[in-house]
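Reading through the C-alpha cells given below for one structure.
The values are calculated or read from the model by the stated rules, or taken from the named source; none is laboratory data. Note that the structure is predicted; figures quoted are calculated from it, not measured. Cβ placement follows ideal geometry from the backbone for every residue including glycine, while neighbour counts extend to all protein chains displayed.
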Protein chains: 2
Amino acid sequence: MQYSESLSSPFRAVNPYNGIELEGDFFSANPGQVDAAVKSADDAFKIYRNINKDAKAAFIRAIANEIAALGEVLIQRAAEECGLPAARLHGERGRTIAQLNMFADQVEEGSWVEAIIDSAMPDRQPAARPDLRRMLVPVGPVVVFGASNFPLAFSVAGGDTASALAAGCPVIVKAHSAHPGTSALVAAAIVNAAKITGMPEGVFSLLYDGNSNLTGQLLVKHPLVKAVAFTGSFRGGMALSKLASERNIPIPVFAEMGSINPVILLPEALDERAEQVANECVSSITLGAGQFCTNPGLLVAVKSPSLENFKAALIKAVERSVSSTMLNSGIFENYCSLSENVLSLQRARVLSRSENINRDGRNQAVAAIAEISASDFLSNPEFKEEIFGPWSLLVVAEDIQQMQEVLEIAGGQLTVSIMTGANGAGKYTSLLNQASEIAGRVLMNGMPTGVEVCHAMQHGGPFPATTDSRFTSVGTTAIKRFARPVCWQNWEPGLLPDELKNENPLKIWRLIDKQWTKD
Amino acid sequence: MQYSESLSSPFRAVNPYNGIELEGDFFSANPGQVDAAVKSADDAFKIYRNINKDAKAAFIRAIANEIAALGEVLIQRAAEECGLPAARLHGERGRTIAQLNMFADQVEEGSWVEAIIDSAMPDRQPAARPDLRRMLVPVGPVVVFGASNFPLAFSVAGGDTASALAAGCPVIVKAHSAHPGTSALVAAAIVNAAKITGMPEGVFSLLYDGNSNLTGQLLVKHPLVKAVAFTGSFRGGMALSKLASERNIPIPVFAEMGSINPVILLPEALDERAEQVANECVSSITLGAGQFCTNPGLLVAVKSPSLENFKAALIKAVERSVSSTMLNSGIFENYCSLSENVLSLQRARVLSRSENINRDGRNQAVAAIAEISASDFLSNPEFKEEIFGPWSLLVVAEDIQQMQEVLEIAGGQLTVSIMTGANGAGKYTSLLNQASEIAGRVLMNGMPTGVEVCHAMQHGGPFPATTDSRFTSVGTTAIKRFARPVCWQNWEPGLLPDELKNENPLKIWRLIDKQWTKD
C-alpha cells in the first residue's frame, strides 16, 4: 500500500477535451519502490492467502463501498482525465462496484476452488489407494496494468484486481498514465478498505509510470511476481508477454489485446431489417468513441440489393453521429493516422464519415466506415488490423463461402456476431461452427459491445485477441487466472485446508469419490 | 492414421540389456508426411468435435480393449525395447487401460465441460441481460510426444493422448525413438478402435523421428496444431516451449520436465523409525531404476543422532539393492556422467553406492546416495539439478529454518513429501505452507513415486517442474489442457450445443443462475 514519490520530475494529467493540465503531481516509481512494493506484496501473501474466505469477501465488499463513498469527486476526476461523459462513468462505476461484490459473493460461497476428494482405499489390490485431496490455491503477487479505456472497471479496482484479490493474491497496480488522479482516488479507497477490514500491509499497492514503461517492465521481471494481467494494445501485450517468458522462471501474462469483432450480416437479416441492423451497428461502433475492445470493426455481408439498403442506412446513421472526445491525444492521433492509412491503401473506400465535429473540443473522433471487397480483404492482410476508435470496415463477399474465408483470415477474436433473419440460422451450420472456433464469445442478433459481467461470460479468445484463450478477464471465472491446483496426499486431517476437511466446514460443493455434493 | 515411410534409411530399436538390434524397420517422417498428418487431423477435428459424447467414449474404451487384446506380444516388445521387467509392464498396461476407461467415463458423464448458464433478464434496469451460456470446447489437433520412461502409460495411448481424445481433439503422436515397435503396436490398436467405432480418418496418427528432432519441430511449428503435450527433460521441454512461443500464433506446450521431489525427514520421523524410513526411501529411489519423474532426488534432514541411524540404514539398503537396466544407453550414460560429476564437485561425498552389478547386462545402473551439508547445497545451485536414475542427495541441515532455505532454493517441484512422527506435523506450519507453495502435490508419510490416476491427482508443479503449473498431466483434470471456454449469447436455442440446451438432454451438472444442478 504505497504511493510512489521520487526525485524525478512529476507528471500531471491532461484533460483531453480542452488540453488543460489538471491539478496533482504524480511521480514515476523508482526501482527501489518497485522492489519494495513487490516484497511487501509477497510478505502480505503469506498472511492473505490464509485469511478465511469471509474476511477476504468483507475486504472486497469494503472496496466497493469505499469507491461508492468517493461520490461525485471520482466521477468528476475521471471525466476530466478521460473525456468520458458523466453518464458513462456512473454506469462504469456501477459495473465496478457490482463486479467487486460479485467476486466477494464468489469468495464467500467458496466452491470456486474446485475441491476434489478421492478417499483412501486401504484394501485395494494390487496396491492401496492413498487419500487424495485437491483444490486451487492462489499463485502469489499479481501485477495489474490499468487500462486506458475503462478508468474504473478495468483499472485500479477493476476486474483484474478484484479477481486476483478474490483468488487470494496481493495486487500491485501499474497505474495508467492517462488517469493518475482517478487511480489515486480508487487506490485510497482500496487502502481504506484494507485498513478497515484488517488486511495485511502490502495486499495492494499502486505505482505510477509517467512517460516510460520502466515501472511496468521492472514489475513484470520481478522474481516475486507470479502473474500479470493487462488490457491494451497488441504491441503492449506482446512486449510484456515476451518479457515474462524470458524470465528465469517464466510467468503467465493474461493480455487482452483487442479484436476486430466481426459482425456477420446474413442475407436474411438484411432482407428483413436492413435499416434496423445498420442503426444497431452504428450505435455500437460509435459507443464510447469506439474505444471498446469489443467494438465491431468488421462488418461482413454478401452482395445483394438488400445490402444496398443496408449501406444507405449505414451512411445516414454515420452522418447523424457526432464526434466525441477520445481518451487521450495519443489514442486520437493513432485513430486518425490508422484510419487515413487504410483509406490510402486504395482498395478500401470511405463509405461514410461523419462531419459533425465539435470544433470547441480537442481529440474529437468522428465515426467512419470504409468498404472493401472480400477478395481485396483476403489478399491484403493489413486490413484486418484493429483500428481503435469509431471505425468499421464493411467487407462485401460474393457468397457465404467467401464470407467464411474472410472469417478465417480475420483470425482469433474476442467475439463474432451473427445477424440472422426471423427463421434463424439453421442452414449456416458450418459458418456457426467456424465462429465458435475463432472466438471466445459468439452472439446472435446483438452487438458485441456491452460485455455482461456474470458467470457464463467469456471475455477472451484465440490469439491474437488474447495471449491465453483458456481464460477470461470478465466474469467470475476470471478468478481461475490466479490460482493453480495442489493435491494433498495422506495429509494429517487437522492440517488440511478447511475446503478439504471431511466435515466440509465451509459447506462448499466438492467432487467426492466421483459425486458432486455439498455434504 | 498413418505410418510414415520414406526414402530415408530405416532405424531399428535396440535392446538396452543386451545391445541386440530388434526386428522391424522404422522410418522418420518427412515434412510432407508431417503436413499430411496434421491436415488430416484438422479435417478430422471438424467431424470429431461434433461427435456425441457416448460415441467418443466408445472409441476411447475400444482403444483400451484393443490394447488389452494385443496380449503378451505388447509386453514382450516393450520389455525388449525398454529393458523393463514384465511385471512392471503388466502394471503399466493396467494403468494405461484404466486411464483410458477413466477418461471414457468422464466423457460419458459429460460434466467436465463446466457448463454455465445465466438466463436472460429482459426487464432488468438499466439494461436487459442477454441469455449467456458457456462451456469448454476442444482446441483442435494436439501433438503428443511419447515419453521414454512410460512406454505404455505416457506414450502412444497414454494419459496425454487419452485426455486429448476425451476433450475432442485429434492427436498426432511423435513416437519416442527408443520404443518404436511398442509404439507401432499401440498405434495399430488405436487405428483399429477408430475403425470399429466409426471415427474419422485422421483422428489419430503416429509419426517417427529416428535420430533427429526434425519431426517434432515440424509438428510444433505446424499452423494447424493447437497444443502440445510432452514429458521428458528440461532441455527438451524448454526447446519445444520456445519453438511454440515463436510461432506466428503461439500455442501452449504442456511440458512435464522433471523434479527432484524433496523428501523432508522431520526429526520425529527419524527418532521414531529411522530404519523404516530409510528402507522406504531406497525402495522409492531404486523403483524402475529411478526412472520416474517423481523419483525422490533430494532427502532433507536435520543433524541429530537419529540421522546417523537413518544414514546407517540407508547405506545398508543401498548396498542390498541390485543394478537394473536403464531404458537406453543415452539415459544410462547421462546417469553415470551426471552422478560422477556431482561427486567430483567435492562438496558432496558418496554416502552409499551399490556394488551389485549384473555383469551380464548392459546399461546397468546402481543406486547411489550422496551427502552434502545444507550450507554447501545452498551456495552451489548445481546440486539441485535432477539426475535421472536411482540417485538421491541427502542434504543435512542445522535446523528447520535451514531446511526451509533448502526447499526455497530447490524451487518448483512436482512433489514435496513430509515424513512426520506419530504426533503429526502441527508445529511445522510454516514448512507445510512452503511445501504447498512450491509443489503440485504434497504428501505425508509416503513416497512420491506411484502416482495415482484419479480425479484429485495433481501431477504438475511450479516451473521448472512444468511449463504450466495450472494444469496436470495425470488424472481427469488433465482434459482441461485441451479445451477453452466459449460463450454463446442469445443463441438460437435449437442450435446450441446439447450441453447448453434448456432441457439438459445430456443430464450433466451445470451452474444455472448461480445454482449447481443436474436439472
query = Taking the range A:357-388, which residues are basic (Lys, Arg) and part of a loop (DSSP other than H, G, I, E, B)?
reply = A:Arg359, A:Arg362
key: Any pair with Cβ under 8 angstrom, 6 or more apart, that starts in the range B:496-519 at a residue that is away from chain A (no Cβ under 13 Å) and ends at one that is not in a loop (DSSP other than H, G, I, E, B)   = B:Lys501/B:Pro493; B:Asn502/B:Pro493; B:Asn504/B:Arg510; B:Pro505/B:Asp498; B:Leu506/B:Lys53; B:Leu506/B:Asp498; B:Leu506/B:Glu499; B:Asp519/B:Ile512
message = Tell me yes or no: at least one residue of the range B:32-46 is without any contact (Cβ under 8 Å) to a residue 60 or more places away in the chain and either basic (Lys, Arg) or closer than 30 Å to B:Gln106 by Cβ (or both).
response = yes
key: Residues (acidic (Asp, Glu) and farther than 27 Å from B:Thr325 by Cβ) located in the range B:372-386   = B:Asp376, B:Glu382
message = Suppose we keep only residues that are in a helix (DSSP H, G or I) and among the small types (Gly, Ala, Ser) within the range B:188-234. Which one would you say is surrounded by the fewest Cβ atoms within 10 Å (Cβ to Cβ)?
response = B:Ala188
task = Report yes if A:Ser417 is surrounded by fewer than 24 Cβ atoms within 10 Å (Cβ to Cβ) and not charged (D, E, K, R), otherwise no.
result = no
note = Note on the range B:462-476: residues more than 7 Å from chain A (Cβ to nearest Cβ) and either at positive phi or of a type in the set (Ser, Thr, Tyr) (or both) are B:Thr466, B:Thr467, B:Ser473, B:Gly475, B:Thr476
query = Limited to the range A:443-461, what total is found for residues that are surrounded by 22 or more Cβ atoms within 10 Å (Cβ to Cβ), more than 7 Å from every other protein chain (Cβ to nearest Cβ) and in contact with a Phe, Trp or Tyr (Cβ under 9 Å, 6 or more places away or on another chain)?
reply = 3
request  = May I ask you to say which residue of B:Gly421, B:Gly440, B:Gly426 is at the interface with chain A (Cβ under 7 Å from one of its Cβ atoms), over 29 Å from B:Glu109 (Cβ atoms) and not aromatic (Phe, Trp, Tyr)?
outcome  = B:Gly426
query = How about the range B:328-363: which of its residues are buried (at least 18 other Cβ atoms within 10 Å of the Cβ), touching a Phe, Trp or Tyr at 6+ places or on another chain (Cβ under 8 Å) and among the polar types (S, T, N, Q)?
reply = B:Ser339, B:Asn363
query = Listed residues B:Leu165, B:Leu132; which is within 14 Å of chain A (Cβ to nearest Cβ), in contact with a Lys or Arg (Cβ under 9 Å, 6 or more places away or on another chain) and under 19 Å from B:Arg484 (Cα atoms)?
reply = B:Leu132
Answer from B:Ala313, B:Ala317, B:Ala370 - the residue that is in contact with a Leu (Cβ under 7 Å, 6 or more places away or on another chain) and not charged (D, E, K, R) = B:Ala370
query = Looking only at residues in the range B:99-129 that are touching a residue at least 60 places away in the same chain (Cβ under 8 Å) and out of contact with any strand residue (DSSP E or B) (no Cβ under 8 Å at 6 or more places or on another chain), which one is farthest from the other protein chains (Cβ to nearest Cβ)?
reply = B:Leu100
key: Restricting the range B:19-41 to residues that are more than 25 Å from the chain's Cα centre (by Cα) and assigned to a helix (DSSP H, G or I), the residue that is surrounded by the fewest Cβ atoms within 10 Å (Cβ to Cβ)   = B:Gly32
Residue check for A:Gly389: of a type outside the set (Asp, Glu), away from every other protein chain (no Cβ under 12 Å), within 17 Å of A:Val263 (Cβ to Cβ) and in contact (Cβ under 8 Å) with a residue 24 or more places away in the chain = yes
ask   = Of all strands (runs of 3 or more DSSP E) completely enclosed by the range B:87-187, which ones contain at least 2 residues that are under 24 Å from B:Gly460 (Cβ atoms) and of a type outside the set (Gly, Ala, Ser)?
value = B:132-138, B:142-145, B:171-174
request  = Could you tell me which of the residues A:Phe59, A:Phe27 is away from chain B (no Cβ under 14 Å), touching a helix residue (DSSP H, G or I) at 6+ places or on another chain (Cβ under 7 Å) and of a type in the set (Phe, Trp, Tyr)?
outcome  = A:Phe59
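Results for (1) assigned to a helix (DSSP H, G or I); (2) over 21 Å from the mean Cα position of the chain (by Cα); (3) modelled with pLDDT under 95, shown as yes or no for each residue.
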site	(1), (2), (3)
A:Val263	no, no, no
A:Ala274	yes, yes, no
A:Leu287	yes, no, no
A:Thr294	no, no, no
A:Glu308	yes, yes, no
A:Val318	yes, yes, no
task = Check whether at least one residue in the range A:59-73 is over 14 Å from A:Val191 (Cα atoms) and of a type in the set (Lys, Arg), and report yes or no.
result = no
ask   = Do any residues in the range B:328-353 that are under 22 Å from B:His176 (Cα atoms) have Cβ atoms under 7 Å from those of residues that are surrounded by fewer than 21 Cβ atoms within 10 Å (Cβ to Cβ), where the two are at least six apart or on different chains, and which pairs are they?
value = none
note = Here the residues within the range A:118-144 that are within 39 Å of the chain's Cα centre (by Cα) and farther than 16 Å from B:Asn445 by Cα are A:Asp118, A:Arg134, A:Met135, A:Leu136, A:Val137, A:Pro138, A:Val139, A:Gly140, A:Pro141, A:Val142, A:Val143, A:Val144
Selection count, the range B:262-290, where residues are touching a Ser or Thr at 6+ places or on another chain (Cβ under 8 Å) and on the phi < 0 side of the Ramachandran plot = 16
query = How many of the residues making up the range B:389-432 are part of a helix (DSSP H, G or I) and more than 24 Å from B:Glu272 (Cβ to Cβ)?
reply = 4
